Amino acid sequence: MEQLKGQPWLPKFSVPKRYDVWLKPDLSTCKFDGSVAIELNIIADTSFIVLNAIELFIDTTSISFTHPAIANSSNSNQVLKPLYIDVVEEDEILVLDFPNTLPIGIGLLTIAFKGILNNKMKGFYTSTYEHNGEKKNMAVTQFEPADARRCFPCWDEPAWKAMFKITLDVPSQLVALSNMPIIEEKVDGDLKTVSYQESPIMSTYLVAIVVGLFDYVEHLTSDGIKVRVYCQVGKVNQGNFALDVAVRTLELYKEYFAVPYFLPKLDMVAIPNFAFGAMENYGLVTCCETNLMYDNQNSAAANKQRVVIAVAHELAHQWFGNLVTMEWWTHLWLNEGFATWVSYLVANHLFPEWEVWTQFVNDCTEGLRLDGLIESHPVEVEINHAREIDEIFFDTKSDKKGASIIQMLQSYLGVECFQRSLASYIKKFACSNAKTEDLWATLEEGSSEPVNQLMNSWTKQKGYPIVSVEVRDQKLVFEQSQFSASGSLGDGQWIVPITLCRGSYDVHKNFLLQTKSETLDMKELPSDGNNLASSWVKLNVNQTGFYRVKYDEDLAAKLRYAIENKYLSATDRFGILDDSFALCMARQQPLNSLLTLMGAYSGELEYTVLSNLINISYKVERIAADANPELLECIKQFFITLFLRSAVKIGWEPKKGESHLDAMLRGEVWTALAMFGYDAALKEGSRRFHAFLDDRNTPLLHPDIRKAAYVAVMRRVSSSNRFGFENLLRVYRETDLSQEKTRVLSSLASSPDPSIILEALNFLLSSEVCTQDAVLGLAVSREGRETAWTWLKDNWDHISKTWGSGYLITCFVSSIVPPVCLSLPLSLLFLLRLRGQMK
C-alpha cells in the first residue's frame, strides 16, 4: 500500500467505464448524501483499487466490488469486500485493499458517502441569492481542475474518460440541472427525484450539477439543439443577449470545426458566487453573473463585449477540451490558449464593427508581461502531483501566452490551412485525449511546415525574445536575445517568425529568424529613403508575433513620425508603445524616450491604443510619485494634456451612430482624467452623479461613463466630506444588477484619504459583498497603497481562510503587493530619469 502513495497519477490496473451517481443535497444544513456505482475494467493483476476522494465521509461498510461469476461459482455474482480501507488525505486518494487478486474483466464498485456543501467555491458548494427579500442557498459544482473528488469518489484525472448517469433528490420547487437532459422526474411531496440521460464519455472535471431557483430563456439552433440561459427569478431578460450569442456561436463552431455540437442540449447558468469567470462543463456552462447577463438600460458597452468573449470561450471548449480533452494538466495551456484565441475569432465574426482583433493585443501584452518575469515558467509545465495543478491552473500566463503563440502560428501557416488542420485534429481525437504534440503533428501534416520544431521553442522554454534592429551600411541587422523585465541577460533562443514592412503595408517581407542574428538588404524593401512618410520600418506587423522589438534611434524617430501622422495601424501603434514601456521598465531605454514617444499619441482616438496609453500612464505616475513627489504634479499635468484632446473630441454624451469602441473609450479617458485630478472632470462627474442620485434613469449618467463619475466623486471624498462615499454605498445596496455593483466596488478605493480607503477595504470583507466580488475593489489609489498593504497583513488570516489557495487569493496579492514592491528599487532609477526629462 505504501507504494501507492505519493504518486503523480493513479495506477492503471483498473479503468472506469461508467459512473452511476446519486446525490441528495440538503440546502438548509449544507450537507449531502451520495452513492456511486462505478463499472470498472480490471486490466492487470492487483488486489488494490485506488481512486480519488477527499473531504468525504466514506461509509466503509457500503464498499463492495461485484464481478460476474467465474468458473464453478454456481452462476451467481461474487461480492468482494476490501480487507483494508485507507483515505490518504495528502494524496487525496482512497485505497481499497482486497484479500485476493481481483479477477480480470468488468466489475462494479459501489460506495456510499456523505459530504459537506462547502463555501469554498470548489467541489460541491453553496452559493447564496435573494428571492423576495430572503437569502437562499443554491447548490453548485466546480470540479476543474481536480475537485470532482470532493463530490464523489472517482478517477479524477482528465485521461480517465467515462460515461455518467446522474440522479438527484432535491426540493420539488427547485430547478435541478446536470450535463444531460432530464429523462424522468418523480415528485414525492417536498422532494423530487430527477434522472438524467447518460452522458457520452467525458472527464470527471466536466461533470456538473446546479440546484436552485431559476427562470430561463431558450432558443433552438438549426440542428434542433435546445439552448437555454438560466438566471435568477426576475432577471431572465438579462439572459437574452447571451442566448442569442450562444446560438450563433454554436452554428459558427459547427462550421469552423466541421463537427456538429455533440450533446442534445446546452444550458448556461448565471451563478452569484462563482470563483472563475466561467466554466465549460459539458452541456452545462456555469458563469459569474457579469459574464452572462446584459441589461440594455444599465450595462456598459464593455459589459456587452465581455459577455460575447466569455460565451465564445466556454463554447469553444465544448469541442476543444470536452470532445477532445488534454491527456494531462501539462497540456492545459493549449486548452485555455486556444479557447481564448478562438473567442476573438467568434467575436470578430459576430460583431466585426467592434474590431476585437485590435484588442487581442491586450492579451498578448499580459502574456509578455508575465513571461518576462524571472519567476516565469514554460507554458508547458510538468505536473507531478495533484497538489501542483493549482499552480498553473490559476496562472493566467498559460492562456495569454498560449493564445498569442496560436495567433502567431495561424499567421505563419495561413488562415485556411490552420482551420483545415484543426478540423482534422478534432475529428481524429474526438471522444478521446490528446497531447500538444498531437496537434502539432496534425498541423505539420496539413501544412508541410516544421510546426513541431517551431513551436517547441515557444512552449518548452520560458520567456521570449527581444529582436533588436538597426541599420548598418544600408542593411537591416536583426539580433535576438532573451527579454527580461529585470534587465538581466538570458540565454534562450527561438525560431522567430519575423514580419516587417517599410513605408507601406504593401512593401513587406516575412522570414524565420533561426539564429542569433541575421541581416537583410534594404534593397529588398524599396522606398524613398529621403521621404519620412515612406522610410519607416515596422517589425512584427500588426503584433502577430510573441516578441518585443527594440529599434535604433533613427528607426525609432521615423516610427514616431509615422505614429503622429497615423500611417500605422492601431495594433502597430499599440505595439510600439508597449515595447517602449517594457524596455524602459527593464532599464534598456531611458524614460525620456518613452515620454517623447507618448507625446506622439496626443489626440489618439483608437480605443485599444488609448486604453494602453492610459494604463501605462498610471504605472509611470505611481513610480514617479515615489521617486520624487515634487515632480508628481508635472507628470500628472503631462498626462492630463496628453489625454484632454481625445476626451474633448469624444465628450461625455453618447453620439448617435457612434461605434462600440468609442462608447468604451469614453469611460476610460474620463476616468483617467479624474484619477489625475483634472478639475473639470471632477466637477462634471460629480454633477452627473448628483443627477443620478435624484433620478436613476437620468440620461446624464449613461452606463459607459458611470465608472468615471464614481471615480470623480471618490477623488473628492475625505473623512470630513463623506457624501460621495456614503451615496455610492447606497447605490450599491439598492441595485440588484451585478454589473452596477462591480462599478461601485471598483471605484470605492479611489479616494485620496487613507481612512476612507481603509473603510472601503473593510467593506469588501463584509457580508454585503459576494465572496468572488471582493477582489474587484482592490484597485487602491496611489495615496492608499501603504494603507492597503497594512490592511492585507492585518487581515491575512481571514483572507487566506475565506479565499483558500485558488485564483481569488492571488488577486489580493497581485493587486496590493506589486505597487509597494515597485516603489523600492525602481524609484531611484526613475528619479534620475524624471529629473532629466523635466529639465
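The values are calculated or read from the model by the stated rules, or taken from the named source; none is laboratory data. All figures in this text were calculated on a predicted structure; none of them were measured in a lab. Ideal geometry is used to build each Cβ from the backbone, glycine not excepted, and the neighbour counts take in all protein chains shown. The accessibility values were calculated without ligands, DNA or RNA, using every heavy atom of the protein model including side chains. Shrake-Rupley method; radii C 1.70, N 1.55, O 1.52, S 1.80 Å.
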Quiz item: Applying the selection to the range 649-680, what residues are assigned to a loop (DSSP other than H, G, I, E, B) and either in contact (Cβ under 8 Å) with a residue 12 or more places away in the chain or under 21 Å from Lys636 (Cα atoms) (or both)?
Solution: Gly651, Trp652, Glu653, Pro654, Ser659, Phe676, Gly677, Tyr678
Quiz item: Looking at the range 461-477, is at least one residue of a type in the set (S, T, N, Q), in contact with a Pro (Cβ under 6 Å, 6 or more places away or on another chain) and at pLDDT below 95?
Solution: yes
Self-check item: Total residues in the range 420-437, condition open to solvent by 20 Å² or more (accessible area, probe 1.4 Å) and closer than 22 Å to Tyr261 by Cβ
Solution: 9
Self-check item: Options Arg730, Arg688; residue that is among the charged types (D, E, K, R), at pLDDT 95 or above and farther than 30 Å from Leu613 by Cα
Solution: Arg730
Quiz item: Cβ-Cβ below 8 Å, separation at least six or inter-chain, first residue in the range 723-742 and closer than 15 Å to Ser766 by Cβ, second among the β-branched types (Val, Ile, Thr) and not in a helix (DSSP H, G or I): which pairs?
Solution: Phe725/Val717; Lys741/Thr735
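Within the range 539-562, is even one residue among the polar types (S, T, N, Q), modelled with pLDDT of 90 or more and assigned to a strand (DSSP E or B)?
For the range 539-562, residues among the polar types (S, T, N, Q), modelled with pLDDT of 90 or more and assigned to a strand (DSSP E or B): absent.
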Quiz prompt | Total residues in the range 209-225, condition closer than 12 Å to Val140 by Cβ and touching a Lys or Arg at 6+ places or on another chain (Cβ under 9 Å) | solution = 1
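Quick one: would you say Asn452 is within 37 Å of the chain's Cα centre (by Cα), of a type outside the set (A, V, I, L, M) and open to solvent by 40 Å² or more (accessible area, probe 1.4 Å)?
yes
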Self-check item: Condition broken by Pro68, with the remaining ones in (1) out of contact with any strand residue (DSSP E or B) (no Cβ under 6 Å at 6 or more places or on another chain); (2) surrounded by 14 or more Cβ atoms within 10 Å (Cβ to Cβ); (3) at pLDDT 95 or above satisfied
Solution: (3)
Self-check item: Condition met for Thr128 (of a type in the set (Val, Ile, Thr), closer than 30 Å to Glu768 by Cα and surrounded by fewer than 21 Cβ atoms within 10 Å (Cβ to Cβ))
Solution: yes
Quiz item: Where in the range 83-180 are the strands (runs of 3 or more DSSP E), entirely inside, with at least 1 residues that are out of contact with any Cys (no Cβ under 8 Å at 6 or more places or on another chain) and at positive phi?
Solution: 105-116
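Suppose we filter Leu605, Leu583, Leu595 for residues that are closer than 24 Å to Arg666 by Cα, assigned to a helix (DSSP H, G or I) and at pLDDT 90 or above; which single one remains?
One residue alone meets the criteria, Leu595.
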Quiz item: Which residues, taken from the range 236-267, are of a type in the set (D, E, K, R), in contact (Cβ under 8 Å) with a residue 40 or more places away in the chain and in a helix (DSSP H, G or I)?
Solution: Arg248
Quiz item: Within the range 548-561, can you find the residues that are out of contact with any helix residue (DSSP H, G or I) (no Cβ under 8 Å at 6 or more places or on another chain) and either surrounded by 17 or more Cβ atoms within 10 Å (Cβ to Cβ) or closer than 21 Å to Ser611 by Cα (or both)?
Solution: Leu555
Quiz item: Given Pro99, Pro171, Pro103, Pro158, which one is over 26 Å from Tyr807 (Cβ atoms) and in contact with a Ser or Thr (Cβ under 8 Å, 6 or more places away or on another chain)?
Solution: Pro99
Exercise. Considering only the range 268-299, state which residues are of a type in the set (A, V, I, L, M), in a loop (DSSP other than H, G, I, E, B) and open to solvent by 10 Å² or more (accessible area, probe 1.4 Å).
Key: Ala275
Self-check item: Every pair of residues 6+ apart whose Cβ atoms lie under 6 Å, when the first sits in the range 690-703 and is open to solvent by less than 50 Å² (accessible area, probe 1.4 Å) while the second is in a loop (DSSP other than H, G, I, E, B) and polar (S, T, N, Q)
Solution: Ala691/Thr698; Phe692/Thr698; Pro703/Asn298; Pro703/Ser299
Quiz item: Restricting to the range 196-223, what's the tally of residues that are in contact with a Ser or Thr (Cβ under 7 Å, 6 or more places away or on another chain) and over 24 Å from Cys30 (Cβ atoms)?
Solution: 1
Practice problem: Please state which one of Ala312, Ala302 is out of contact with any strand residue (DSSP E or B) (no Cβ under 8 Å at 6 or more places or on another chain), of a type outside the set (Phe, Trp, Tyr) and either farther than 22 Å from Leu250 by Cβ or modelled with pLDDT under 95 (or both). | Solution: Ala302
Exercise. Check Val415, Val477 and return the single one that is within 24 Å of Ala562 (Cβ to Cβ) and without any contact (Cβ under 8 Å) to a residue 60 or more places away in the chain.
Key: Val477
Quiz prompt | Qualifying residues in the range 355-408 (those that are of a type in the set (D, E, K, R) and assigned to a loop (DSSP other than H, G, I, E, B)) - the one most open to solvent (accessible area, probe 1.4 Å) | solution = Glu375
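Hand me the list of strands (runs of 3 or more DSSP E) wholly inside the range 419-519 holding 1 or more residues that are touching a strand residue (DSSP E or B) at 6+ places or on another chain (Cβ under 6 Å) and closer than 18 Å to Phe338 by Cα.
Details: elements: 432-434, 465-472, 475-482, 496-502, 508-513.
Those strands (runs of 3 or more DSSP E) span 432-434.
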Quiz item: Residues in the range 328-354 that are open to solvent by 30 Å² or more (accessible area, probe 1.4 Å) and within 17 Å of Thr249 (Cβ to Cβ): how many?
Solution: 4
Quiz item: Restricting attention to the range 75-128, which residues are without any contact (Cβ under 8 Å) to a residue 40 or more places away in the chain and aliphatic (A, V, I, L, M)?
Solution: Val79, Leu80, Leu83, Ile85, Val87
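Within the range 46-60, identify whether any single residue is free of Cβ contacts under 8 Å to residues at least 40 places away in the same chain, open to solvent by 80 Å² or more (accessible area, probe 1.4 Å) and among the hydroxyl-bearing types (Ser, Thr, Tyr), and answer yes or no.
no
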Quiz item: What tally of residues in the range 794-808 results from selecting those that are open to solvent by 20 Å² or more (accessible area, probe 1.4 Å) and among the hydrophobic types (A, V, I, L, M, F, W, C)?
Solution: 2
Practice problem: Could you please give the count of residues in the range 562-595 that are under 22 Å from Phe478 (Cα atoms), more than 31 Å from the chain's Cα centre (by Cα) and open to solvent by less than 30 Å² (accessible area, probe 1.4 Å)? | Solution: 1
Exercise. Return the total of residues in the range 184-235 being out of contact with any strand residue (DSSP E or B) (no Cβ under 8 Å at 6 or more places or on another chain), charged (D, E, K, R) and either assigned to a loop (DSSP other than H, G, I, E, B) or buried (at least 22 other Cβ atoms within 10 Å of the Cβ) (or both).
Key: 1
